[in-house]
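Below is one structure, written out as structure tokens; comments come after it.
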Amino acid sequence: MIEWLGIEHLFELSGAEAIAGFFTPLAIFAAFLVAQFILPGRKVPGYVINPDTGQPRNYRLNGILVFLLAVAIWATEITGMPRDWFYRSSLYAIAGGTVFTLIMSIAAVYSQPQGDIKNPLLALWEGRAQEISLFGERVDIKMYFYVVGGTMLSLNAMSGAAWHYDQFGSDFNPGVFLYAAFFTFYVFDYFIWERVQLYTYDLIYERMGFKMFWGGIVIYGWVFILPLWGMAAHPHPGFSDFWTYVWLIGSTALFLLGWSIGRGANLQKYTFKRWPDRKFLGIIEPKYIEAGDRKILYTGLWGVARHFNYMGEGFLSFAVGLSFGHFLNPWAWAYFVFVVSFFTWRQRSDETHCEEKYGAEKWAEYKSRVKWRIMPGIY
């Protein structure tokens, strides 16, 4: 079965290495916590209101410094850890990360009052507390998740590229490096706009349960490189120089299109939430439906489709599948299938939540103005 899947190279660790791989996430969790605590950061208010003060919660952001430090340590091998270690140990790290995030989730959930979720197992999955911060708000756990998960996504992708080059040398697949570049750019861009994350659904509404712990760290940081498990084991697809340029440039152009849509939509929403009457990019005038003390934006990118940012993620993930050049290999499309499935489900969940949040009448008015869910003219 393992040979049929083409991932037998991920089971070649010795017994001692397998144990080290299992405990690698625990070392990562601790190192990142120390880095976030020690490195300087800027303290900014978010969107969430602190019930104790009635004012926006404060967040201390230094993700970009943590990311750059982690990349530098990985690239120089200063700790003695080889650059391909994260990739080679990824399956064992996922097992260990799942166990350790479960333990952390149990502590985070059952140390809180029962709340409105009575079933203890459902509470473990969903969580009870909306926010958890440590050391006098010096480290916010939700933002910690994104720092660890995002940085490890990039490091895992680059680690896979390093392993791939060691295996194939001059016959390496440039698409594997393009894949690593895509996710490194994606993560770096996130840290450039880290404050925007304070105005997103996860920070505002998600609770601190196993779903958030496991998803924010293990799924985001390790499982998102799923296509690389199969594709790093394949050399250059054998295209001519001309078609190699077409393939790589075309994949990059599609990726940048998807990134532009997703980043643009999120920035427009962020701008609207902070400065409701400011024109986005100085040209797009905000128009909105008033729903009590809330507002539903329906111009610009949010007038194209109700969840237009998800279409950007779809284009981006399709470019990831194309980047490997082995277009008929199912492994190449694992991330695309996941993203399309996840965001198709997520937008339906979002719509239910928004109808409750804004009221059925106002949400129906918004749907009459913005007809399409994700992709204009199709869905």
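The values are calculated or read from the model by the stated rules, or taken from the named source; none is laboratory data. Model, not experiment: these values are computed from the prediction. Neighbour counts run over all protein chains shown; Cβ positions are idealised from the backbone, glycine included. Note: areas computed on protein heavy atoms with side chains; ligands, DNA, RNA excluded. Shrake-Rupley method; radii C 1.70, N 1.55, O 1.52, S 1.80 Å.
So the values come out like this:
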| quantity | calculated |
| --- | --- |
| Residue in the range 359-366 that is under 22 Å from residue 312 (Cα atoms) and under 21 Å from the mean Cα position of the chain (by Cα) present | no |
| Count - residues of the range 43-75 that are in contact with a Pro (Cβ under 8 Å, 6 or more places away or on another chain) and either among the small types (Gly, Ala, Ser) or closer than 11 Å to residue 147 by Cβ (or both) | 3 |
| Failed condition for residue 186, given (1) assigned to a helix (DSSP H, G or I); (2) farther than 30 Å from residue 241 by Cβ | (2) |
| Matching residues, the range 281-297, being in contact with a Leu (Cβ under 9 Å, 6 or more places away or on another chain) and open to solvent by less than 20 Å² (accessible area, probe 1.4 Å) | 289 |
| Pair list, Cβ under 9 Å, 6 or more apart: the range 126-154 residue on the phi > 0 side of the Ramachandran plot, other residue of a type in the set (Val, Ile, Thr) and surrounded by fewer than 22 Cβ atoms within 10 Å (Cβ to Cβ) | 127/117 |
| Residue 317 being buried (at least 21 other Cβ atoms within 10 Å of the Cβ) and within 25 Å of residue 6 (Cα to Cα) | yes |
| Any hit, the range 25-37, residues being within 30 Å of residue 234 (Cα to Cα) and not β-branched (Val, Ile, Thr) | yes |
| Filter pass, residue 177 being surrounded by fewer than 18 Cβ atoms within 10 Å (Cβ to Cβ), modelled with pLDDT of 95 or more and closer than 26 Å to residue 240 by Cβ | no |
| Complete set of residues in the range 355-379 that are at pLDDT below 90 and buried (at least 16 other Cβ atoms within 10 Å of the Cβ) | 355 |
| Selection count, the range 121-139, where residues are open to solvent by 50 Å² or more (accessible area, probe 1.4 Å) and either more than 8 Å from residue 208 (Cα to Cα) or of a type in the set (Asp, Glu) (or both) | 8 |
| Test: residue 247 is farther than 30 Å from residue 116 by Cβ, open to solvent by less than 30 Å² (accessible area, probe 1.4 Å) and either of a type in the set (Asp, Glu) or over 15 Å from the mean Cα position of the chain (by Cα) (or both) | yes |
| Those helices (runs of 4 or more DSSP H) lying entirely in the range 1-107 with at least 3 residues in contact with a Ser or Thr (Cβ under 6 Å, 6 or more places away or on another chain), at pLDDT below 95 and surrounded by fewer than 19 Cβ atoms within 10 Å (Cβ to Cβ) | none |
| Residue 117 open to solvent by 70 Å² or more (accessible area, probe 1.4 Å), free of Cβ contacts under 8 Å to residues at least 40 places away in the same chain and among the hydrophobic types (A, V, I, L, M, F, W, C) | no |
| In the range 185-207, the residues that are buried (at least 20 other Cβ atoms within 10 Å of the Cβ) and under 18 Å from residue 69 (Cβ atoms) | 187, 190, 191, 194 |
| Residue 319 being of a type in the set (A, V, I, L, M) and farther than 19 Å from residue 270 by Cα | yes |
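Per-residue answers, yes or no, for (1) under 23 Å from residue 195 (Cβ atoms); (2) modelled with pLDDT of 95 or more; (3) assigned to a helix (DSSP H, G or I); (4) among the acidic types (Asp, Glu):
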{"position": "260", "(1), (2), (3), (4)": "yes, yes, yes, no"}
{"position": "269", "(1), (2), (3), (4)": "yes, no, yes, no"}
{"position": "272", "(1), (2), (3), (4)": "yes, no, yes, no"}
{"position": "277", "(1), (2), (3), (4)": "yes, no, no, yes"}
{"position": "282", "(1), (2), (3), (4)": "yes, no, no, no"}
{"position": "286", "(1), (2), (3), (4)": "yes, no, no, no"}
{"position": "296", "(1), (2), (3), (4)": "yes, no, no, no"}
{"position": "309", "(1), (2), (3), (4)": "yes, no, yes, no"}
{"position": "318", "(1), (2), (3), (4)": "no, yes, yes, no"}
